[in-house]
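Only one structure is covered here, and it is reproduced in the block below.
No lab work stands behind these numbers, since they all come straight from the coordinates. Since the model is a prediction, treat every value here as computed from it, not as a measurement. When we count neighbours, we look across all protein chains shown, and the Cβ atoms used for this are built from the backbone with ideal geometry, even at glycine.
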Amino acid sequence: MTKMKITIPELMEKKQNGKKFKMITVYDYPFALMVDRSEAEVILVGDSLGMVIQGHDGTIPVNIEDILYHVKAVRKGAPNTFVVGDMPFLSYQVSKEEAIRNAGKILKAGADCVKIEGGMKVVDTVKAVVDAGIPVVAHIGLTPQSATMLGGFKVQGKSAEAAEKLLNEALALEEAAVFAIVLECIPTALVKIIDDKLRIPTIGCGAGQHTTAQNLNAYDLLGIFDKFVPKFVKQYAQMGTQMVEVFNTWCKEIDEDIYPEAKHGFSMNDEDLKRLY
């Protein structure tokens, strides 16, 4: 049975009804196809592709063209799943006009909304994008695009002052009309306070169990990306190891003349073959 793509009102109703939804980060057609066949309601095409797909140490090198390419591939694989397109570094910081233009490109590529990182500094930009008719998911806490300014990939909001700042940012972004907000690497107790005070859904990524939704990367869930494994990641398989084993088995069979067998080749008409001799 083909699932029906969830809508923004339905996602927001989840919060009011105390229901959960799930967001998986993927970047290409085959992975999107698998998520589309699963019970997960949302896909994030994240700028984390800079690390997972491109091999960079962070997300800064990712540009708008990269996001557009991957959103198009994901949409083809997941026509029945709600797709969030990340706005990469410098695609929204320069001006509101440029933010609207780039957000529009991401929607035209196939996303259902965009995600914008940042707190108070991006509130006006977020409001401008929403006012232009483009739905926005906010993202606070550990924001990878500004990880250098935050002192690296660290938990945010641990002090009373930092916690109050995050709470105020969440409230301001809700006021700017985002329909959901990602809370990344924030203490569980603080997340509960934020979630209790917001009317919109919260999406946790290393934020404990009190959010409306959870987000993890498919490559982490499957045990494929092992350059680093955050504390909040639960690996449900070790497919990276299994993939290497498959590759090595194939190589071994070639060395031992086991592969390819006759059944792996294509036949030719005997009469046509005789003409070549």
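Assorted remarks:
- Viscosity 0.890 mPa s, temperature 25 °C, Stokes-Einstein D of the chain from Kirkwood C-alpha radius, µm²/s: 121
- Listed residues 9, 64, 48: farthest to the positive end of the dipole of the stretch 1-87 (Cβ charges): 9
- GluC sites (Glu not before Pro) lying in DSSP loop within the stretch 29-77, provided at most 10 other Cβ fall within 10 Å: 39
- For residue 239, net neighbour charge (Lys/Arg +1, Asp/Glu -1) across residues whose Cβ lies under 12 Å away: -3
- Degrees, to the nearest 10: 64-77 long Cα axis against longest axis of the chain: 60
- Segment residue 37-residue 160, extension gain: residue separation times 0.36 nm, minus the distance between their alpha carbons: 40.0 nm
- Its Kirkwood hydrodynamic radius, worked out from the mean inverse distance over all distinct Cα pairs, puts the stretch 69-174 at 14.6 Å.
- Local net charge near residue 64, Cβ-Cβ under 11 Å (Lys/Arg +1, Asp/Glu -1): -3
- Positive-pole candidate from 267, 224, 191, dipole of the stretch 155-277, charges at beta carbon: 191
- Virtual spin-label span in nm between residue 228 and residue 248, 7 Å along Cα→Cβ: 2.8
- Taking amide H atoms as placed 1.01 Å from N in the peptide plane, the amide H of residue 115 lies under 5 Å from those of 85, 86, 87, 137, each 5 or more residues away in sequence or on another chain.
- 0 to 90° range, to nearest 10: angle between helix 188-197 axis and the chain longest Cα axis: 60
- Other residues with beta-carbon under 15 Å from the beta-carbon of residue 180 carry, at +1 per Lys or Arg and -1 per Asp or Glu, a net charge of -3.
- For a label point 7 Å along the Cα-to-beta-carbon line of residue 146, residues of the stretch 39-67 with backbone N under 14 Å: none
- Put a plus charge on the Cβ of each Lys and Arg, a minus charge on the Cβ of each Asp and Glu, and nothing anywhere else: the dipole of the chain about its Cα centre is then about 860 debye.
- Here the Karplus relation 6.51 cos²θ - 1.76 cosθ + 1.60, evaluated at θ = phi - 60°, turns the backbone of the stretch 210-217 into coupling constants of 9, 8, 6, 9, 10, 10, 9, 7 Hz, with x for every Gly and Pro.
- Cα-centred dipole magnitude for the stretch 186-277, charges only on beta-carbon of K, R (+1) and D, E (-1), debye, nearest 20: 900
- Fully extending the segment from residue 5 to residue 255, taken as 0.36 nm per residue of separation minus the present Cα-Cα distance, adds 85.2 nm.
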